[in-house]
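The values are calculated or read from the model by the stated rules, or taken from the named source; none is laboratory data. As the structure is a prediction and not an experimental result, all values here were calculated from the model. So basically every Cβ, Gly included, is an ideal-geometry build from the backbone, and we count neighbours across all protein chains shown. Each accessible area value is taken on the protein alone, full model and side chains, heavy atoms only, with ligands, DNA and RNA left out. Shrake-Rupley method; radii C 1.70, N 1.55, O 1.52, S 1.80 Å.
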Amino acid sequence: MAAPPATASAPSLRPSAASPRAAAARSVAVPSGPRTVGPRRDGGRFLGVRAAKAVSGVQSGTVVDDGVQRPWKLSDARLVLEDGSVWKAKSFGASGTQVGEVVFNTSLTGYQEILTDPSYAGQFVLMTNPHIGNTGVNPDDEESNRCFLAGLIIRNLSICTSNWRCTKTLEEYLMKRNIMGIYDVDTRAITRRLREDGSLIGVLSTDQSRTDDELLEMAKNWKIVGVDLISGVTCDAPYEWSDKTDSEWEFKKGQSTESFHVVAYDFGIKHNILRRLTSYGCKITVVPANWPASEVLNLKPDGVFFSNGPGDPAAVPYAVKTVQEIIGKVPVFGICMGHQLIGQALGGKTFKMKFGHHGGNHPVCDLRSGRVDITFRITGVGRGAGLLTVTLPDENLELLRNHNYAVDPESLPEGVKVTHINLNDNSCAGLQYPKMKLLSLQYHPESSPGPHDSDLAFGEFIEMMKNNRL
């Protein structure tokens, strides 16, 4: 979205000089000289490492105004947040100027799955894990056919890759897909700011001709609340899906051979959700977000699946209407955005969270059984590599979360059961309404990346369709 010319002066837009927050902003906004945000005080470090595949953005030199070649990359990018803070950084991937909502993700790995998750459309993803890029990227870990996020923010960009599945570096990957990235920025300080103040709109730019005030004005004039982001990530036409989870990643044996026809609404669906449904015996027809409910019901499916997706559920009333026309007629299962749309279709309300849930290993209690299965990721990349699982009795845990909105359980009608809650903030993480043959989860039970504790949710959907056949 184009921004109007800056009309306000910098002092009126930025925190006052007397505030601690302003002092912190000044410490990261200085254009030159010593920095106070990490060990790289001179703007970089030359690392003479012989590697199979080096990341050019880290090792490239820079010629400065005095004509001297520096053996390290200097800061050439800025992240300007709507609160007035300016964060100097080094760029990798694409160049230019981009605006988006800044959120933080606590996953230790799986950055490629995050990059290709359509639920991140319109957002800059800040990785709290400081070391990113060491496993490179590969064609098997894609969750969709393209990257939808606005940009990637990380602390350290690995100077080399070391993984047998790697086909290219993270920087090469982002450049090919025209996605901006920055590194050598104080991600811990930005994360603390987001936790205290909530998600912030930011502008990422490598354009030195733009002033900080111009970028700040762009951030202040850009909105994500109330915007239909689903229409930009959904498929154009219906298609059939038949791929199962690859045998090398399949962890659940002895699944039912009974077949079910499921129509899946694509609000930004991930490939591994489709693979898990297919592995459980589902024949899947994927339809666009605006596909009429009457045409779906004419297919006489055994069940309907409402997928994950980006943005504000209140901004897509057409999707809420579709859900209303389907629930109660066939078994339905919703995940993430699908869960929120089900909540609204039942007459409930959704609200924007302070900074949302983005990452792995968020604790969620199953109120029906009181169980939590806690899985620690200790190494590896991709689906299921290098996991140590510890199961504790009488509790249950979720694996992968990515959402900025939640369902208000107090607004739901009588008969709707809250089945799961997030143990960090007690927000609603799951619903069940036996009378209407529906269940939904706020998180991603397919967990790619992530452990597989909640994969049984797909089994619940299968059982619901089985019982409906009787």
Where Phe251 falls short, out of the listed (1) open to solvent by 70 Å² or more (accessible area, probe 1.4 Å); (2) modelled with pLDDT under 95; (3) under 20 Å from Lys466 (Cα atoms): (3)
Any hit, the stretch 225-245, residues being crowded, with 20+ Cβ neighbours inside 10 Å, of a type in the set (Val, Ile, Thr), under 23 Å from the mean Cα position of the chain (by Cα) and in a helix (DSSP H, G or I): yes
Hits in the stretch 406-417 (condition: surrounded by fewer than 17 Cβ atoms within 10 Å (Cβ to Cβ), outside any helix (DSSP H, G or I) and in contact with a strand residue (DSSP E or B) (Cβ under 8 Å, 6 or more places away or on another chain)): Asp408, Gly415, Lys417
Test: residue in the stretch 234-244 that is at pLDDT below 95 and within 16 Å of Phe458 (Cβ to Cβ): yes
Lone qualifier among Ser231, Ser242 - being closer than 30 Å to Ser307 by Cβ, touching a strand residue (DSSP E or B) at 6+ places or on another chain (Cβ under 8 Å) and of a type in the set (Ser, Thr, Tyr): Ser242
Residue that is most open to solvent (accessible area, probe 1.4 Å), among those in the stretch 188-209 that are part of a helix (DSSP H, G or I) and free of Cβ contacts under 8 Å to residues at least 12 places away in the same chain: Arg192
Close pairs (8 angstrom Cβ cut-off, 6 or more residues apart or separate chains): closer than 10 Å to Gly202 by Cα in the stretch 79-97, of a type in the set (Val, Ile, Thr) and open to solvent by 10 Å² or more (accessible area, probe 1.4 Å) anywhere: Leu81/Ile201; Glu82/Ile201
Residue among Ser247, Ser294 that is more than 14 Å from Phe458 (Cα to Cα), touching an Asp or Glu at 6+ places or on another chain (Cβ under 8 Å), among the polar types (S, T, N, Q) and without any contact (Cβ under 8 Å) to a residue 40 or more places away in the chain: Ser294
Per-region count, the stretch 135-150, residues in a helix (DSSP H, G or I) and open to solvent by 10 Å² or more (accessible area, probe 1.4 Å): 2
